[in-house]
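First the structure, in the form of structure tokens, and then the observations on it.
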Amino acid sequence: MIKLVDQSIEQLANLDFQCFCGQHHQVSIGDICIGSGILKDLPEILSQYKGKKVLLVADKNTYEVAGQRVMDLIKNEFSISRFIYQDDHLVADAKSLGALLMEIEDDTSIILTVGSGTLNDIARFVSAKTRVPYAIVATAPSMDGYASVVSPLIRNGVKTTFPGVYPIAIIGDTQIMKEAPMHMLQAGLGDVLGKYTGLADWRMSKILDLERNERYCDNISHLVESAVDKCMDAAPKLSQRSEDTTQAIMEALILSGLCIGLAGHSRPASGSEHQVSHYIEMKFLQEGIDTKWLHGNKVGVATLAILEAYKYLFSKDIEDIKSSGKYREFDKDRWVKRIERCYGNMSKQILDLKEKELLLEEIERENRMKLIEEKWEDIKANCYLNLPSPGQLKGLLKDAGAIYSPKELGVDREEFKDSLMVAKEIRNRYGIMQLLDDLGLLEEAAEYVVNKYY
Ligand SMILES: [Zn+2]
Ligand SMILES: [Zn+2]
């Protein structure tokens, strides 16, 4: 029986096995090469493409950081064409995708991308559409999309997830990545730390078993957790740009991407903290706010807030929660108004999705209360007690020089409170914020959390 925590990252890249959780897990990425000075192995990694046409894709920054070196390494044995984005702020939208598509010649054998989040998203989508494989030379450990099979792209101003393909190789040279802009390193750390609350939500959903057939896997969950623990230990040296820390973060990011593939859904890598972060990203996009903060910086901030929400919940006694009777109250009109105010023209779609999930009848609310009461100790032991405390996480983010407050993101009090209350409405995925809502505690929990910052 394969125990995932015992596998090296190279072994994890290609797996096909029957798991003790009852599911069959499969993933195939090809090569994952992370290490100090690993870039020099690039000709070897790409050996099957020798003599063939390589399209090197970068932007002006990543070209300078590593693209030129990649060119020098492979120019003698490969036929290379280049496409370098000149944008100051590259976005994965129709314009950037189209620009790359126009540059691909028919005889291109592989797209070799040098970059991180956006360039990777662009290459993955174009690779899927053109069926030309791609490989990525990572310039920053900034997000968990390297080993992902989907691309988040901007369509008509809205972030939408499109199917993509796995890269045939991920090359992460820690000597290069450690020199990435500091907020990118911190973003990687933030995205990793978010796995704690993501896993807690996943376990909660499994325990309550409300999502018929929640495909939970302890094997995967422990793998992600151990990778995140390593980052927790390594984080204090982030501000010194330690190669070991860079490696730990990159490995955890790749692992969580892989685990999405193994699980067949994103639970191992994202929970309430990602929903809050996505809500903020959506608002920024709508309001045309340009910010240097990346996905992972927002996830770091949101993770701390979700940890506060967990702490708030478990500072209470389930008997007291029950006897207060607040769980019986649910004001549907207020709920609808809030969604309309927060989601604007997306609200109809959300109301359609969520309306049938609402617990409006007294008996339904009683039953949900009863279920939570029954599972309370189980949830506490398996979801809450193994989480870092908010104080611990805040200390860690501070030590790493990372932002931890929504204020630093540029989010005001009302918007942040909204994010805590409505981010969960975007889909049916059970987590801490829905549980608070079921107990009639959502608004007071949101107030409690928001008061920590404003
Ligand atoms: Zn499993
Ligand atoms: Zn993420």
Long-range neighbours under 7 Å by Cβ, at least six apart or interchain, first residue under 24 Å from GLU415 (Cβ atoms) within the stretch 344-367, second of a type in the set (Val, Ile, Thr) and open to solvent by less than 80 Å² (accessible area, probe 1.4 Å): SER347/ILE339; ILE350/ILE339; ILE350/ILE426; LEU351/VAL336; LEU351/ILE339
Flag for ASP59 being touching a Ser or Thr at 6+ places or on another chain (Cβ under 9 Å), of a type in the set (Asp, Glu) and surrounded by 16 or more Cβ atoms within 10 Å (Cβ to Cβ): yes
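I'd like to know if the stretch 120-137 contains one or more residues that are within 15 Å of the chain's Cα centre (by Cα) and either of a type outside the set (S, T, N, Q) or open to solvent by less than 20 Å² (accessible area, probe 1.4 Å) (or both). It would help to see each step written out before you state the result.
The first filter runs over the stretch 120-137 and keeps only residues within 15 Å of the chain's Cα centre (by Cα), leaving 120-121.
Going one step further and asking which of them are either of a type outside the set (S, T, N, Q) or open to solvent by less than 20 Å² (accessible area, probe 1.4 Å) (or both), we end up with 120-121.
Yes: the stretch 120-137 contains one or more residues that are within 15 Å of the chain's Cα centre (by Cα) and either of a type outside the set (S, T, N, Q) or open to solvent by less than 20 Å² (accessible area, probe 1.4 Å) (or both).
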Where a residue in the stretch 307-333 is free of Cβ contacts under 8 Å to residues at least 40 places away in the same chain and its partner, wherever it lies, is of a type in the set (A, V, I, L, M), with Cβ under 7 Å and at least six apart: LYS332/LEU358; LYS332/LEU360
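State whether the residues of the stretch 80-102 include one that is in contact (Cβ under 8 Å) with a residue 60 or more places away in the chain, aliphatic (A, V, I, L, M) and either assigned to a loop (DSSP other than H, G, I, E, B) or at positive phi (or both).
Here is the first cut: in the stretch 80-102, the ones in contact (Cβ under 8 Å) with a residue 60 or more places away in the chain are 89, 91-94.
In the following step, the residues that additionally are aliphatic (A, V, I, L, M) were identified as 91-92, 94.
Then drop every residue that is not either assigned to a loop (DSSP other than H, G, I, E, B) or at positive phi (or both), which leaves 91-92.
Yes, because at least one residue in the stretch 80-102 is in contact (Cβ under 8 Å) with a residue 60 or more places away in the chain, aliphatic (A, V, I, L, M) and either assigned to a loop (DSSP other than H, G, I, E, B) or at positive phi (or both).
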The stretch 396-454: number of residues that are farther than 27 Å from SER347 by Cα and either of a type outside the set (A, V, I, L, M) or part of a loop (DSSP other than H, G, I, E, B) (or both): 13
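If we scan the stretch 40-61, do we find a residue that is within 16 Å of ligand 1 (Cβ to nearest atom) and either aromatic (Phe, Trp, Tyr) or touching a Phe, Trp or Tyr at 6+ places or on another chain (Cβ under 9 Å) (or both)?
Filtering the stretch 40-61 down to residues within 16 Å of ligand 1 (Cβ to nearest atom) leaves none.
The answer is no, given that none of the residues of the stretch 40-61 is within 16 Å of ligand 1 (Cβ to nearest atom) and either aromatic (Phe, Trp, Tyr) or touching a Phe, Trp or Tyr at 6+ places or on another chain (Cβ under 9 Å) (or both).
Any idea which residue in the stretch 217-240 is most open to solvent (accessible area, probe 1.4 Å), counting only those that are within 24 Å of CYS19 (Cβ to Cβ) and of a type in the set (Gly, Ala, Ser)? Full working, then the answer.
Filtering the stretch 217-240 for residues within 24 Å of CYS19 (Cβ to Cβ) gives 217-230.
Now restrict to residues that are of a type in the set (Gly, Ala, Ser): 221, 226-227.
Values: SER221: 0, SER226: 38, ALA227: 9 Å².
Result: SER226.
Check every one of the helices (runs of 4 or more DSSP H) wholly within the stretch 266-366 and list those with 3 or more residues that are under 15 Å from the mean Cα position of the chain (by Cα) and within 16 Å of ligand 2 (Cβ to nearest atom).
Details: elements: 272-286, 295-314, 318-324, 332-343, 347-355.
Hits in the stretch 266-366: 272-286, 295-314.
Listed here are the residues, each with its yes/no results for (1) buried (at least 21 other Cβ atoms within 10 Å of the Cβ); (2) over 29 Å from ASN156 (Cα atoms); (3) out of contact with any Pro (no Cβ under 9 Å at 6 or more places or on another chain); (4) of a type outside the set (Lys, Arg).
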{"site": "ALA66", "(1), (2), (3), (4)": "yes, yes, yes, yes"}
{"site": "LYS75", "(1), (2), (3), (4)": "no, yes, yes, no"}
{"site": "ASP88", "(1), (2), (3), (4)": "no, no, yes, yes"}
{"site": "LEU101", "(1), (2), (3), (4)": "no, no, yes, yes"}
{"site": "SER109", "(1), (2), (3), (4)": "no, yes, no, yes"}
{"site": "SER116", "(1), (2), (3), (4)": "yes, no, no, yes"}
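The values are calculated or read from the model by the stated rules, or taken from the named source; none is laboratory data. Note that the structure is a prediction, hence the values are computed from the model and not measured. All Cβ positions, even for glycine, are placed from backbone atoms using ideal geometry, and neighbour counts span all protein chains on display. Surface areas here come from the heavy atoms of the whole protein model, side chains and all, with no ligands, DNA or RNA. Shrake-Rupley method; radii C 1.70, N 1.55, O 1.52, S 1.80 Å.
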